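Read-outs throughout are calculated quantities, based only on the coordinates presented, and are distinct from any laboratory measurement. From a predicted model like this one, the values you see are computed outputs, not experimental measurements. Cβ: placed from backbone, ideal geometry, glycine included. Neighbour counts: every protein chain shown.
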């Protein structure tokens, strides 16, 4: 379809009916998500292939290693376990089961690890390697680590439990219990160690700890380190190789996962905290352009980032995501920076003066669409584009709406005096003064929308004090809640209470009062800054004015 659309655009361009270019279309589902969509039949098809794949792995075992006397028993047991896992997934993780891209990542990762278990077991049997290597070579942390980092702890826990239970059917009966214990312990440890991964070194550390746990469990179960033969040189070499294998497999697994994460994030439109910290780099071309062309907007974004990050940490939301989104949420103002008050300097003519209120509102509202277009052009993360779209929701540009109403009242008075006709009165449509939306659909974008409104309103406070700041925060949060702007995000009333307290505390620290200098103190500071030498009249020694000023009786600043 993409080639056909390109051909049609080319034909229209040849006839002079099109420019031949296609407008950028934002797709928040990612490459794999856009390919699979959210159709129910695609989810059931993925589930069917998952059941068939696991049943094939179980039925391919050698009769001597299989738990079952007949192939149909193995197939039936594998299908039962698979259906049970899918039922649990649909019941307890409905949001994952409803997204086919996420479902593919989850089921595909589990099936990949079970395939590796089967291949390692087969390789050990074919090459007649010591049986203990079968357990030490298995990458217990692979699927749980990937799913925990990309999808969260709940997905990682599901993955760890299922690969442990299902993997026992791929192991000989005498090793099944040892495998189950090692897989559950190592998988659970990986999920706990990768709760908040902000550095790639944490993945390597988690892999190393997993290898150490596998080694300890192997010793406890008597798989390695035979006490009776530990003095023999050949035995010591073999046991040393097993110890290195246990640590090496865990480290290599973490190394592979660290390399796969960027590719998986791009394919499934997912982002880890590592990537959010990288996106928070102020050297990004858009942010550097904002520093030069819209310094007021850039400073506003920095303050909003601090407010949003602190509030997100208070309620347990993704603070790194909030900070990165806050940096880019107003990037659309780069199209017309002079139309926004934070970029207007003293003595500068206001470009809104010759415009009607409706036209001014359209210019202000357009920064959302322009921001999305610029973000797509620079291939920013889809969550950042969502934040640009949602940070104003479908709220109203009240300043120009009230200005339009005031002008209508003036024109109505002229009509009453017979100076104008009734048909010439301007029609005020609320839709022309509202942002296109959608409303915030996540905790992070909800926090960002509140932080953006509060930071802008805080600039109007004269002689701020804790009471004024708290009143301002409460009024804005209440007005947003009453207007329905927070209806689509999952913020609770308890979350809003904590967010208000965090906003008030952060603003108090930013807007604290300072003690004013007296004229004498200002004179001393100017002399200290000049760095000239003077002679102390008491000691006759030379010293800088800066040091003399430090000994003066001054008030602390």
Per residue convex hull volume, Cα atoms of the range 454-516, in Å³: 84
Label-point separation, residue 431 to residue 174 (7 Å along Cα→Cβ), nm: 7.7
Simple spin-label estimate for residue 348 and residue 154 in nanometres, 7 Å along Cα-Cβ: 4.7
Cβ-derived FRET efficiency at R0 51 Å, residue 463 paired with residue 377, nearest 0.05: 0.75
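Stretched out fully, how many nm does the piece from residue 252 to residue 510 gain, at 0.36 nm a residue minus the Cα gap?
On the way: separation 258, 0.36 × 258 = 92.88 nm, distance 4.62 nm.
Stretched out fully, the residue 252 to residue 510 stretch lengthens by 88.3 nm.
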Pair residue 60, residue 244: separation of 7 Å Cα→Cβ label points (nm): 3.1
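Taking 0.36 nm per intervening residue step and subtracting the Cα-Cα distance, what contour gain separates residue 277 from residue 494 on full extension? Could you put the intermediate results ahead of the total?
Details: separation 217, 0.36 × 217 = 78.12 nm, distance 2.78 nm.
So the chain would gain 75.3 nm between residue 277 and residue 494.
Please compute the length gained on full extension between residue 87 and residue 263, using 0.36 nm multiplied by the number of residues separating them and subtracting their Cα-Cα distance. Working shown, then result.
Working: separation 176, 0.36 × 176 = 63.36 nm, distance 2.92 nm.
Contour length minus the Cα-Cα distance gives 60.4 nm.
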Burial ordering of 93, 299, 329, fewest other beta-carbon atoms within 10 Å first: 299, 93, 329
Packing-based exposure ordering (other Cβ within 10 Å, fewest first) of 80, 314, 91: 91, 80, 314
Histogram of C-alpha separations across the range 243-378, 10 Å bin width, %: 11, 30, 28, 17, 8, 4, 2, 1
